[in-house]
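Remarks on the structure that follows.
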Amino acid sequence: MMDNIFDNSGRRSELNDIQRHLQHLQERFRADELPEQAAEMIDLRILGGTKLPVAPVPWSPDHDDRFKAEVGFPEITRSQLSAAALKAGIFGQGGIIVRGLMDGDTVNNFKACISNSLKSPQRFSEDQSGSESWFRRSEYVAKGAKGPARIRGGDLSSDHGSVWAVDSPITAARLVDFYAQLGLREMLHDYFNEAAVLSVRKWVLRSVPPMKGGNKGWHQDGRFMGQNIKSVNLWVALSECGEGTESPGLELVADNRRQIHETGTCGAWFDWTVGPELVEKIVQERPLVCPHFQPGDAIFFDHYCLHRTAEGPNDTLPRFALESWFFAESKAPAKQQPVLF
Ligand SMILES: O=C(O)CCC(=O)C(=O)O
Ligand SMILES: [Fe+2]
């Protein structure tokens with residue numbers, strides 16, 4: 001079927017056909033919530049991601065600098081969110097916190113989605129292409145792709161870990177609905193001056209266990225995604241976490257500079273992480289923050305933001321979160337496998 005319905009010439013019209021078909025499927029899914037519909041959409045989203053236009057699009061990082069008086073990340077509410085606020089937040093201050101981006105029912109729904117996906121027997125099975133509702137590996141995901149990195153030490157328990165959103169088609173379809181309610185497609189189109197896409201590898205459902213005394217690497221996602229991209233990460237806390245809580249939050253440097261720091265030196269654990277001694281130097285000049293997030297609070301940042309999972313020494317509770325990296329379609333990193341949304 002997939003080969004014959006798209007008999008137009010040119011990438012753009014092919015892409016438009018896929019988008020139209022996806023919209024139709026998404027509407028049906030909203031009514032029926034059938035796993036097969038969700039799975040078919042994932043296939044089409046990844047297939048569509050191979051047809052993206054590559055012609056450069058004019059773009060400027062100019063913004064109105066509305067947050068210039070702030071130290072650290074500015075904070076706004078959901079109703080204040082706009083492309084202009086995002087641009088001033090990310091380019092002016094290195095990121096922007098949005099309080100109450102997701103309501104309580106939606107938070108609980110996605111927490112259940114993550115638990116169900118983590119516990120799905122199919123996640124642990126050799127053949128992951130079956131029709132189980134909560135975990136299904138699309139045939140369009142690059143062969144041999146292993147899924148998100150495991151907790152250090154290779155922990156494969158079902159209570160925590162990460163799952164690619166594309167491996168949980170129902171969750172992915174519900175997330176796309178959530179983005180639609182936010183008006184994110186239009187907002188990101190304004191931000192990038194072109195359509196936005198997601199990706200297989202950087203669209204992640206997370207349940208981070210409390211690891212007293214653990215230590216996750218400081219990193220900039222641009223270090224491994226490349227810098228010739230345009231990105232926005234929407235990270236949503238589904239659990240109360242961060243400073244003053246008992247759940248692992250996020251530590252971030254509020255820094256608007258566009259530079260990738262040296263990695264693999266200054267005491268770094270991995271070749272892609274920034275060593276703690278270098279981070280110590282950087283935070284003498286730029287604020288280090290570990291925001292206190294309520295469930296449903298979110299932060300937007302891009303591939304230059306230096307951050308890590310914050311392992312509090314007194315953590316006792318897991319933390320659920322959604323990580324959605326969006327890319328401008330003409331500058332999406334092919335290695336991450338772009339995905340339409
Ligand atoms: O959720 C976390 O702890 C890590 C998130 C992260 O590194 C990211 O969103 O890029
Ligand atoms: Fe990251």
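Protein-only accessible surface at a 1.4 angstrom probe places the residues TRP134, TRP325 in the order TRP134, TRP325, largest first. Annotation note: GluC sites (Glu not before Pro) in segment 219-293 located in DSSP loop regions with a Cβ neighbour count of at most 16 within 10 Å are GLU243, GLU246, GLU262.
Exposure check, 1.4 Å probe, all protein chains in place: THR316 carries approximately 70 Å² of accessible surface. Label sites at ALA180 and ASN108, each approximated as a point 7 angstrom past Cα along Cα to Cβ, lie 2.4 nm apart. Annotation: aspartates and glutamates with alpha-carbon distance below 12 angstrom to LYS212 (same-chain offsets under eight excluded): GLU246, GLU311, ASP315. Checked against a 31 Å cut-off, the cross-linked pairs LYS111/LYS216; LYS119/LYS143; LYS87/LYS335; LYS119/LYS331; LYS87/LYS143 give Cα-Cα distances beyond that limit for LYS119/LYS331; LYS87/LYS143.
Accessible surface of the chain, 1.4 Å probe: 48 percent of it comes from carbon and sulfur atoms. Provide the net charge surrounding ALA237, with neighbours chosen by a C-beta distance below 13 Å and charges set as Lys +1, Arg +1, Asp -1, Glu -1. So the surrounding residues net to 0. Accessible area per residue for the chain, computed on protein heavy atoms with a 1.4 Å probe, is 43 Å².
The residues packed around ILE260, meaning those with a beta-carbon under 14 Å from its beta-carbon, carry a net charge of -2 if Lys and Arg are +1 and Asp and Glu are -1.
How charged is the neighbourhood of VAL166? Take every other residue with its Cβ under 11 Å from the Cβ of VAL166, and add Lys/Arg as +1 and Asp/Glu as -1. Net local charge, VAL166 excluded: +3. With a Förster radius of 45 Å applied to the beta-carbon distance between PHE124 and VAL283, the computed FRET efficiency rounds to 0.65. Extension gain for ARG257 to ARG66 (0.36 nm times residue separation, less C-alpha to C-alpha distance): 67.0 nm.
Above 24 Å, the calculated P(r) of segment 11-339 contains 54 percent of its Cα-Cα pairs.
For the chain, the relative contact order comes to 25 percent (Cα pairs under 8 Å, sequence separation of at least 6). Between THR316 and ARG11, the modelled label-to-label distance comes to 5.4 nm, taking each label 7 Å out from Cα in the direction of the beta carbon.
The values are calculated or read from the model by the stated rules, or taken from the named source; none is laboratory data. None of these values were measured; they are calculated from a predicted model. Positions of Cβ are backbone-derived with ideal geometry, glycine not excepted, and every protein chain shown enters the neighbour counts. Just the protein is used for accessible areas: all its heavy atoms, side chains included, with ligands, DNA and RNA removed. Shrake-Rupley method; radii C 1.70, N 1.55, O 1.52, S 1.80 Å.
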